[in-house]
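Trainee: Starting off with a structure, shown below.
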Amino acid sequence: MKIGIIGGGIMGVCLGYYLSKQGTTVEIFEASPTVGGLAGSTSLADGTKVDRFYHAILSSDSHLSGLCSELGIVDQFRFKETRMGFFYRGRIHSMNNVVEFLRFPPLGWIDRFRLGLTVLYAQFISDWHKLESISVEKWLLALSGKGTYENIWLPMLKAKFDGGFENTPATYIWSRLVRMKSTRKGANQKEQAGHLIGGYMTLVQALANQIEANGGRIYLQKPVSKVVIENGCATGIMTKDEFHSFDLIVSTLQPPVFQRMLPDAPSDYRDLLGQTQYLGIVCPLLVLDRPLSGYWTINLTDDSLPFTGIIETTSYIDPKYVGGHHLIYLPKYTAPNSHYQKYSDDEIKELWLKHLETMFPQFQRSWIRFFNVYRERYVEPLHTLNGTHLIPPIESPVGNLYLASNAQIYPALTNGESISRKAQEVAELIINKYSISK
Ligand SMILES: Cc1cc2nc3c(=O)[nH]c(=O)nc-3n(C[C@H](O)[C@H](O)[C@H](O)COP(=O)(O)OP(=O)(O)OC[C@H]3O[C@@H](n4cnc5c(N)ncnc54)[C@H](O)[C@@H]3O)c2cc1C
């Protein structure tokens, strides 16, 4: 069986790996010059390769580590104890152990207790379906109380959603609380973050090599323009003016992007694909000659700041793996029509640095080695209250046409762990449906 895969991000290469392992002939079509998509790397001006966007792997990412073992790259994992802080009224407050939590100045005793209760309560919810119809605001207010909500959650939610989040279900915060808690081990609840030497690209490259070893091909700079549909079945794809024929096609693109290449699909399916909303991102990478704060993540509880958080990945990546640099990402998640996406790189740089200087008075511009701005429009799917019926299915109504997209990952967060799981699920569905055996 000859299978065409559209998109060479993690989903595309994981899917290509699982399908080619079963003896199918896989061809992946990727629009950009490299595989990896959002998890790909970029070259700094001195040639050092670093993650375009910050990526951490957690010790609880069991599917991902199983995949890395299978590929023989598990020895490339490095984990380190990390710290998390909150920026509140001009100061960074460390929040890494019970003592710090009990002292956490922004909140009074009762609010602190209720915040702790919210995190613990989330760990005991096994049936997330009941959170589907409760808004994140209502759920947090009920559990954490007004003080914690207004001082901590509200500014963080406003920053994350670049404005409104009225239609966001409580599953949004529940899945985050469960994932973050999973990094904290033992009685002291110390947090750990990890990476592969070389970033996610080490995994992506290992998968790409294995696909080719299994007889598959990966075409770069070959954007797919159209899926050809004849008599209700997908028969191939168009790239520029070439036709490529396939027995089966799987798109791994974000549904609204996939929709554009389906002019001949049923209109209700096209409408469904078009309804999925995504947050975008504007993400400057500040490369310094020294650490900025030593915290992995600083959560911001001040929504006048233009960025959503401060992520210093060299708090867990030894700088020797990234050219001796210190990497600080200053992301701004953007709503579909956000004005931030319209700012030039120079405007972003000026605005971001001005705010950073007020947060870190000791910070000097002479510490900066590089300041690069990366942007993407389709980054994180936005799920809505009671909205599971809006998630497009894996099997499309067009024969031999499938969708394996990060929009179908819910309520789990979209990351290497959940994407590699989804890719395996889709590969198994196809293998079973077509009785493919090696
Ligand atoms: C700021 C940020 C931080 C993150 N942090 C983490 C983290 O800490 N840990 C973690 O595990 N995950 C993290 N993630 C999430 C992770 O990067 C993504 O979930 C994952 O990379 C998505 O993979 P994907 O294959 O679904 O989509 P994508 O990476 O978007 O892949 C889609 C691919 O399709 C290609 N394409 C688009 N149009 C066409 C076309 N017409 N024809 C052919 N190809 C096309 C694109 O070029 C792209 O390569 C983060 C993401 C971001 C943005």
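Trainee: Exactly one of (1) within 14 Å of the ligand (Cβ to nearest atom); (2) closer than 21 Å to Tyr17 by Cα is unmet by Ser437. Its number?
Mentor: (1)
Trainee: So which residues in segment 356-390 are within 22 Å of Arg52 (Cβ to Cβ) and not aliphatic (A, V, I, L, M)?
Mentor: Of everything in segment 356-390, those that are within 22 Å of Arg52 (Cβ to Cβ) and not aliphatic (A, V, I, L, M) turn out to be Trp367, Arg369, Phe370, Phe371, Asn372, Tyr374, Arg375, Glu376, Arg377, Tyr378, Glu380, Pro381.
Trainee: Answer yes if at least one residue in segment 343-363 is hydroxyl-bearing (Ser, Thr, Tyr), under 30 Å from Ser133 (Cα atoms) and not in a loop (DSSP other than H, G, I, E, B), and no otherwise.
Mentor: Narrowing segment 343-363 to residues hydroxyl-bearing (Ser, Thr, Tyr): 343-344, 358.
Still in the list and also under 30 Å from Ser133 (Cα atoms): none.
So far as segment 343-363 goes, no, none of its residues is hydroxyl-bearing (Ser, Thr, Tyr), under 30 Å from Ser133 (Cα atoms) and not in a loop (DSSP other than H, G, I, E, B).
Trainee: Identify all residues within segment 1-49 that are closer than 30 Å to Pro319 by Cβ, away from the ligand (no atom under 12 Å from the Cβ) and polar (S, T, N, Q); write none if there are none.
Mentor: Thr42, Ser43, Thr48
Trainee: Small (Gly, Ala, Ser) and away from the ligand (no atom under 16 Å from the Cβ): is that true of Ser315 in this structure?
Mentor: Working: small (Gly, Ala, Ser): yes; away from the ligand (no atom under 16 Å from the Cβ): no.
Judged against the criteria, Ser315 is not a match.
Trainee: For the list (1) assigned to a helix (DSSP H, G or I); (2) more than 21 Å from Leu262 (Cα to Cα); (3) within 14 Å of the ligand (Cβ to nearest atom); (4) touching a residue at least 60 places away in the same chain (Cβ under 8 Å), I need the number of the one condition that Glu425 fails.
Mentor: It fails just one condition, (4).
Trainee: Does any residue of segment 214-221 turn out to be in contact with a His (Cβ under 8 Å, 6 or more places away or on another chain) and within 11 Å of the ligand (Cβ to nearest atom)? Talk me through it step by step, then tell me what you get.
Mentor: At the first step, the residues of segment 214-221 found to be in contact with a His (Cβ under 8 Å, 6 or more places away or on another chain) are none.
Within segment 214-221, not a single residue is in contact with a His (Cβ under 8 Å, 6 or more places away or on another chain) and within 11 Å of the ligand (Cβ to nearest atom).
Trainee: Tell me the residue from Lys320, Lys342 that is under 30 Å from Thr239 (Cα atoms) and either away from the ligand (no atom under 15 Å from the Cβ) or without any contact (Cβ under 8 Å) to a residue 24 or more places away in the chain (or both), please. Walk me through it before giving the result.
Mentor: On the way: Lys320 fails: under 30 Å from Thr239 (Cα atoms).
Sole residue among the options that is under 30 Å from Thr239 (Cα atoms) and either away from the ligand (no atom under 15 Å from the Cβ) or without any contact (Cβ under 8 Å) to a residue 24 or more places away in the chain (or both): Lys342.
Trainee: Further question: Test Asn415 against the criterion of being away from the ligand (no atom under 16 Å from the Cβ) and outside the structural domain of Leu64 (by TED's automatic domain parsing), and give yes or no. Outline the logic, then answer.
Mentor: Values: away from the ligand (no atom under 16 Å from the Cβ): no; outside the structural domain of Leu64 (by TED's automatic domain parsing): yes.
For Asn415, the condition - away from the ligand (no atom under 16 Å from the Cβ) and outside the structural domain of Leu64 (by TED's automatic domain parsing) - is not met.
Trainee: Inside segment 215-246, can you point out the residues that are among the charged types (D, E, K, R), surrounded by fewer than 16 Cβ atoms within 10 Å (Cβ to Cβ) and on the phi < 0 side of the Ramachandran plot? I'd like the intermediate steps shown before the answer.
Mentor: From segment 215-246, those among the charged types (D, E, K, R) are 217, 222, 226, 230, 240-242; that's our starting set.
Those left that are additionally surrounded by fewer than 16 Cβ atoms within 10 Å (Cβ to Cβ): 217, 226, 230, 240-242.
Result: Arg217, Lys226, Glu230, Asp241, Glu242.
Trainee: Could you name every one of the helices (runs of 4 or more DSSP H) located completely within segment 90-167 that has at least 3 residues being assigned by TED's automatic domain parsing to the domain that holds Ala412 and at pLDDT below 95? Walk me through how you get there before you give the answer.
Mentor: On the way: elements: 98-103, 109-123, 136-148, 154-161.
Once the helices (runs of 4 or more DSSP H) in segment 90-167 are filtered for at least 3 residues that are assigned by TED's automatic domain parsing to the domain that holds Ala412 and at pLDDT below 95, nothing remains.
Trainee: For segment 50-82, enumerate the residues that are within 16 Å of the ligand (Cβ to nearest atom) and among the charged types (D, E, K, R).
Mentor: Asp51, Arg52, Asp61, Arg78, Lys80
Trainee: Still on this model: For Gly40, are the conditions met, namely being under 21 Å from the mean Cα position of the chain (by Cα) and without any contact (Cβ under 8 Å) to a residue 60 or more places away in the chain? Give the derivation first.
Mentor: Numbers: under 21 Å from the mean Cα position of the chain (by Cα): yes; without any contact (Cβ under 8 Å) to a residue 60 or more places away in the chain: no.
So Gly40 fails the test.
Trainee: I'm trying to understand the selection: among the residues of segment 278-305, which are under 19 Å from Arg375 (Cβ atoms) and at pLDDT below 95? Spell out how you get there, then give the answer.
Mentor: Restricting attention to segment 278-305, the residues satisfying the condition of being under 19 Å from Arg375 (Cβ atoms) are 278-287, 305.
Passing the criteria: only Leu305.
Trainee: In addition: Checking the structure you have, find out if any residue of segment 265-272 is within 15 Å of the ligand (Cβ to nearest atom) and either surrounded by fewer than 22 Cβ atoms within 10 Å (Cβ to Cβ) or assigned by TED's automatic domain parsing to the domain that holds Leu401 (or both). Lay out the reasoning, then the answer.
Mentor: First, the residues of segment 265-272 that are within 15 Å of the ligand (Cβ to nearest atom): none.
Scanning segment 265-272 turns up no residue that is within 15 Å of the ligand (Cβ to nearest atom) and either surrounded by fewer than 22 Cβ atoms within 10 Å (Cβ to Cβ) or assigned by TED's automatic domain parsing to the domain that holds Leu401 (or both).
Trainee: Let me ask something else. Take residues that are touching a strand residue (DSSP E or B) at 6+ places or on another chain (Cβ under 7 Å) and closer than 13 Å to Leu401 by Cβ and tell me which of the strands (runs of 3 or more DSSP E) falling wholly in segment 207-293 contain 3 or more.
Mentor: Numbers: elements: 217-219, 224-230, 233-239, 242-245, 248-251, 277-288.
In segment 207-293, 224-230, 233-239, 248-251 are the strands (runs of 3 or more DSSP E) which contain 3 or more residues that are touching a strand residue (DSSP E or B) at 6+ places or on another chain (Cβ under 7 Å) and closer than 13 Å to Leu401 by Cβ.
Trainee: Of the residues in segment 105-142, how many are surrounded by 16 or more Cβ atoms within 10 Å (Cβ to Cβ) and over 28 Å from Gly90 (Cβ atoms)?
Mentor: 7
The values are calculated or read from the model by the stated rules, or taken from the named source; none is laboratory data. Everything quoted here is computed from the prediction, not taken from an experiment. Glycine gets a Cβ as well: all are built from the backbone with ideal geometry, and neighbour counts include every protein chain shown.
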